[in-house]
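Here, each number is a calculation from the coordinates, and none is a lab measurement. What you see is a predicted model; the values in this text were computed from it and never measured. Here the Cβ positions follow ideal geometry from the backbone for every residue, glycine too, while neighbour counts run over all protein chains shown.
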C-alpha cells in the first residue's frame with residue numbers, strides 16, 4: 001500500500017470502476033471487482049475506515065434482535081458470512097462466548113430466546129464454536145457472577161464473534177491492492193467528470209495533504225461513502241432526494257478491573273426502551289454500547305454527549321450493581337453513524353432495517369445505502385454483480401473467499417508469544433493484546449523494533465507498529481496510528497498521551513515532516529483525545545441532563 005505510487009496511477013488511463021469511499025463497503029467492492037479482473041481505483045477523503053467502519057460495536061454477528069423483526073434474510077446472510085470470516089481472517093475475527101441474561105419484565109422471554117438461538121445456530125449450519133445453551137439463574141451467574149440477581153429468570157450462552165473493524169478494513173484494502181487496485185486516502189472528491197450527454201466519466205479529486213488536484217477517469221463510479229451518501233448524490237444532482245436516515249451509536253471503554261468480564265454480555269437499555277446493548281471484554285478493557293438515536297446534521301460533528309454516556313452507564317450499572325461506574329471511569333468513547341436506508345414513515349431507530357440497497361442515478365452514479373460490517377463481502381459480490389453482470393464465475397467465487405492478508409501464513413503460537421516476550425522483557429498477554437491482530441505479518445512488525453536501547457517495552461513496540469503503519473498501511477497522520485492502526489487512543493489507560501511526542505517524531509522521520517508539521521500533528525492528536533472526553537465538561541446535573549434521553553425514549557416508544 002504505497003500512497004505515492006497510487007496517486008500517480010490514478011491519472012493513468014481509464015479505470016473500469018472508481019470507488020469513492022474507503023470504509024469496509026468500498027474496500028470490499030474494490031477487492032471484489034479487482035479479483036474479477038477489472039481495473040479499479042479507490043479514493044477516500046480522510047483515512048481509510050475513518051467513518052463508520054472504525055466506529056462500530058466491533059462485532060461480526062448475525063444480529064439476534066433482527067429475528068424479532070422477521071428479517072430472516074439479513075440474519076441468515078450475516079451468520080453465514082460470520083462463519084466464512086472466521087476462516088478468512090482468524091487473526092481478526094474470533095469466536096466469542098456471549099451471555100444473554102433474561103429478567104422479569106424483559107421484552108423477550110426465555111422461550112422466545114430459545115427459539116431465536118435455535119434459528120441462529122441453524123443459519124450457521126450448526127457450525128458455531130459452542131451451540132447455545134439455556135440456563136437457569138444460578139448457572140448463568142456462574143458464567144458472570146457480577147450479574148444482578150434480582151428478577152433474573154435465566155438466560156442463554158451462545159457464540160458470536162468479535163473483530164477490530166478498522167484493521168479488518170485495512171486487510172480488505174491490502175487484498176484489493178494485491179489484485180491491482182490503486183487506493184489512496186486523504187484524496188477527497190471535489191466533483192465529477194462528464195461526457196457530452198451528462199453521464200459520468202470519472203471524478204475530480206483533491207489531495208488533502210499536498211493540495212494537488214487530479215482527474216480520475218472511469219467508466220463506472222460508485223459512491224460507498226456511508227453517512228455522506230446524500231451529500232455525494234447532491235454533488236451529482238442538487239435535486240437528488242435523500243436516501244438515508246442516520247442514527248448515532250455511542251460506545252465507551254472502561255478498565256477491565258472496573259468491570260471484569262469473562263464473556264461478552266448482552267445488556268438492556270435503561271427505563272422504557274430496553275434496547276439490546278453489549279458489554280464486551282477486550283484485553284485490559286471492557287467496552288460498552290451502543291446507543292441508537294436519530295442524528296441530523298454534518299456527520300463530522302457527531303460526538304458522545306453527556307446524555308449518551310449517562311444512558312450507557314445507567315444500563316451497565318443496572319445489570320452489574322457492583323460496578324458503580326461513573327464518568328471518571330470512562331477511558332475513551334467513539335461514535336459511529338449508521339447510514340440506514342430511509343424507510344417510509346417514522347419507525348423507531350432500532351426498528352429500521354440494517355439491510356442495504358443500491359441506487360442508480362440518471363448520470364450513472366451508483367450509490368449504496370445501509371449494510372452491515374459482517375456482510376461486507378457478500379454485499380460486495382452483489383454490488384459488483386450489479387455493476388458488471390456475468391463477471392462472477394467459479395474462480396472468482398473461490399478468490400472472494402480466500403484468506404485475507406495476515407491469515408496467509410501460520411499464525412503465532414503460544415510458544416512464539418512466550419519466546420518473543422522473553423526476548424523483549426514484555427508480558428506475553430500484553431504482547432498478544434497489542435500484536436495479535438497482525439497474524440502472520442507479525443514477523444514484519446518485529447523486524448521494525450528499534451535497535452537502540454532505552455525505551456520502555458511498550459513504547460518500543462509502538463514505535464515498531466508506527467513504522468509498520470507508515471511503511472505498509474498508508475498511515476499519514478498521527479491519529480491514523482493512534483485510533484485505527486493500533487487502537488492506542490481507545491484501549492490504553494491514558495490514551496497514549498505520554499507517547500504522543502516520540503511517536504510523532506517517528507512518523508516525522510519516515511514521512512519527512514517539518515518541525516511545524518510535527519507540532520501540528522501533536523496538537524491535532526491532543527485535541528482529538530480532548531474532544532473524545534469532552535462530555536465530562538458538561539456541568540449539568542445528571543437529573544437535568546437525563547431528561548432529554550427520557551423524552552427521546554418516550555418518543556421512540558410512541559412511534
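Potential lengthening of the chain between residue 359 and residue 138 amounts to 74.5 nm, from the contour at 0.36 nm per residue minus the alpha-carbon distance. Note on residue 271 and residue 97: their simple-model spin labels are 3.6 nm apart, each label 7 Å out from Cα toward Cβ. Based on the Cβ-Cβ distance of residue 498 and residue 423, what FRET efficiency does E = 1/(1 + (r/R0)^6) give at R0 = 25 Å, to the nearest 0.05? Result of the calculation: an efficiency of 0.55. Modelled label positions at residue 122 and residue 531, each set 7 Å beyond Cα in the direction of Cβ, lie 4.8 nm from each other.
Cβ-Cβ distance of residue 328 and residue 303, R₀ of 30 Å, FRET efficiency by 1/(1 + (r/R0)^6): the value works out to about 0.95. Across the chain, C-alpha contacts under 8 Å between residues 6 or more apart give a mean separation that, scaled by the residue count, equals a relative contact order of 18 percent.
Of 56, 422, the sequence from fewest to most neighbouring Cβ atoms within 10 angstrom is 422, 56. The alpha carbon gyration tensor of the stretch 310-459 gives principal lengths a ≥ b ≥ c with a/c of 1.5 or higher and a/b no greater than b/c, which makes the shape oblate.
Which of the three applies to the stretch 308-397, rounded, prolate or oblate, going by the alpha-carbon gyration tensor with a ≥ b ≥ c and a/c under 1.5 meaning rounded? Note, shape of the stretch 308-397 comes out prolate. Here the extension length gained between residue 516 and residue 112 equals 139.4 nm, from 0.36 nm per residue of separation less the Cα-Cα distance.
Multiplying the residue separation of residue 294 and residue 5 by 0.36 nm and subtracting their alpha-carbon distance yields 100.0 nm. Pairs of Cα atoms nearer than 8 Å and 6+ residues apart set the relative contact order; for the stretch 414-513 it is 20 percent. Inverting the pair-averaged 1/r between distinct Cα atoms of the chain gives 24.4 Å as its Kirkwood hydrodynamic radius. Looking at the square roots a ≥ b ≥ c of the eigenvalues of the Cα gyration tensor of the stretch 349-437, which shape do they give, rounded for a/c under 1.5, prolate if a/b is larger than b/c, or oblate? Cα axes put the stretch 349-437 in the prolate bin.
For residue 452 and residue 523, the FRET efficiency from 1/(1 + (r/R0)^6), where r spans their Cβ atoms and R0 equals 30 Å, is about 0.65. Based on alpha-carbon atoms, the Kirkwood radius and the radius of gyration of the stretch 414-513 give Rg/Rh equal to 0.93. Kirkwood radius for the stretch 410-459, taken over all pairs of different Cα atoms as the inverse mean of 1/r, rounds to 11.3 Å. Ordered by the number of other Cβ atoms lying within 10 Å of each residue's own Cβ, fewest first, 230, 237 fall into the sequence 237, 230.
Counting other C-beta atoms within 10 Å, which of 252, 209, 140 has the fewest, and how do the rest follow?
Least to most surrounded, the residues fall as 209, 140, 252.
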